[in-house]
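The values are calculated or read from the model by the stated rules, or taken from the named source; none is laboratory data. Computed from a predicted model, the values in this text were never measured in an experiment. Here the Cβ positions follow ideal geometry from the backbone for every residue, glycine too, while neighbour counts run over all protein chains shown. Ligands, DNA and RNA are stripped out before the accessible areas are found, and what is left, the full protein with its side chains, is counted by its heavy atoms. Shrake-Rupley method; radii C 1.70, N 1.55, O 1.52, S 1.80 Å.
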Amino acid sequence: MAVQVETNRRVTMASRPEGFPQESDFTLEEVEAPSAGPGEVLVRTHWLSVDPYQRGRMSSARSYAKGLELGDVITAQAVGEVIESNDSRYEPGDFVLGQLGWQDYAVARGGVLRKIPPGIEPQLALHVLGATGLTAYFGLLDVAQPVPGDTVVVSGAGGAVGSVAGQIARIMGCRTVGIAGGADKQEDLRDLYRFDEAIDYKTGDLRSAVKAACPDGVDVYFDNCGGEISAAVHSRVNIGARIAICGQVSQYNVERPQPTFHPGFLIVVRARMQGFLVSDYAPRFVEAIPRLARWVMNGDIRYRETVTEGLENAPRAFIGMLNGENRGKALVKL
């Protein structure tokens, strides 16, 4: 029987951000609720993801995915409960993951959703057992290819992806150095995520701190930041180093992004630098998720969540994440 839902709240892009986003760039709207058509599923959202890549979708610059237009619902992965299904693979009460956006209710084709197995906390599918964990997994293991004994440096290490990347490096037998901002994140890096060294980029001379933490140089750099942080790490990379470009969050809100390095640097150290998108590895998610789940269950991977309550506060959570206010994964709970 069809579920009667009359209204739907959603957050849309009111204006294209210039520089750092403001709350005025977003609008909370109330519209008629959607209904599921043939082969579709109606989902009530419970958890929303807040991620740096969303800033790129708000720009008109060329990127790997189509940008948002004014009035569009803010794109985001979300976890929700099926309340109406016209797809035999899903039943009311199932929890699913999908690119559902910042809204109370969403309709999606069944084929683009992923059912969340019972027995796990649903929001974990948005980070350690979802895009966050998968990004760290493939970016580190496939792109950077660490070997036991390597020194692995992770920037943005107190965030969702960086914290997992560092822990996977530790599992692989590497020495781990995390870079993050603030005393609370240094505590997380050392005590929760068990990095061997933690650097606060907000205090002291960063290049000297990287040199002290990496006396034998850097073999692998998992780059979430770009900018001055990455320049400091590049000054210490060893011959044959591997650099995985996951994100460039320091550059997302500047009008004219600045290059982090001179290409000749790669020649001098015979290093390999490669960007990647987690979606490129979609056929192999079934390989990675069980492995990540085992690491979470046995305590090899730990996590922290920064949860903001209420759809209306999603823009504030997003802006806070870009400011580095989150510890671990930034989520919005509806």
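For GLU81, the stated conditions hold: it is open to solvent by 30 Å² or more (accessible area, probe 1.4 Å), assigned to a strand (DSSP E or B) and more than 30 Å from MET172 (Cα to Cα).
Quick one: which strands (runs of 3 or more DSSP E) lie wholly within the range 245-334 and hold at least 3 residues that are open to solvent by 30 Å² or more (accessible area, probe 1.4 Å)?
Numbers: elements: 272-275, 305-309, 329-333.
Strands (runs of 3 or more DSSP E) meeting the threshold: 272-275, 305-309.
Residues that are open to solvent by 60 Å² or more (accessible area, probe 1.4 Å) and part of a helix (DSSP H, G or I) within the range 193-243 comprise ARG207, SER208, LYS211, ALA212, GLU228, listed in sequence order. Starting from residues that are touching a Phe, Trp or Tyr at 6+ places or on another chain (Cβ under 8 Å) and assigned to a strand (DSSP E or B), keep the ones in the range 38-58 and report whichever is most open to solvent (accessible area, probe 1.4 Å). The extreme case among them is ARG44.
For the condition on the phi > 0 side of the Ramachandran plot, open to solvent by 60 Å² or more (accessible area, probe 1.4 Å) and not polar (S, T, N, Q), what is the one hit in GLY119, GLY71?
Values: GLY71 fails: open to solvent by 60 Å² or more (accessible area, probe 1.4 Å).
Every option except GLY119 fails the conditions.
Counting residues in the range 117-125 that are out of contact with any Lys or Arg (no Cβ under 9 Å at 6 or more places or on another chain), among the hydrophobic types (A, V, I, L, M, F, W, C) and without any contact (Cβ under 8 Å) to a residue 60 or more places away in the chain gives zero. In the set GLY139, GLY149, GLY101, GLY111, only one residue is modelled with pLDDT of 95 or more and open to solvent by 30 Å² or more (accessible area, probe 1.4 Å); that residue is GLY149.
Can you confirm whether ARG89 is modelled with pLDDT of 95 or more and either open to solvent by 30 Å² or more (accessible area, probe 1.4 Å) or not aromatic (Phe, Trp, Tyr) (or both)? For ARG89, the condition - modelled with pLDDT of 95 or more and either open to solvent by 30 Å² or more (accessible area, probe 1.4 Å) or not aromatic (Phe, Trp, Tyr) (or both) - is met.
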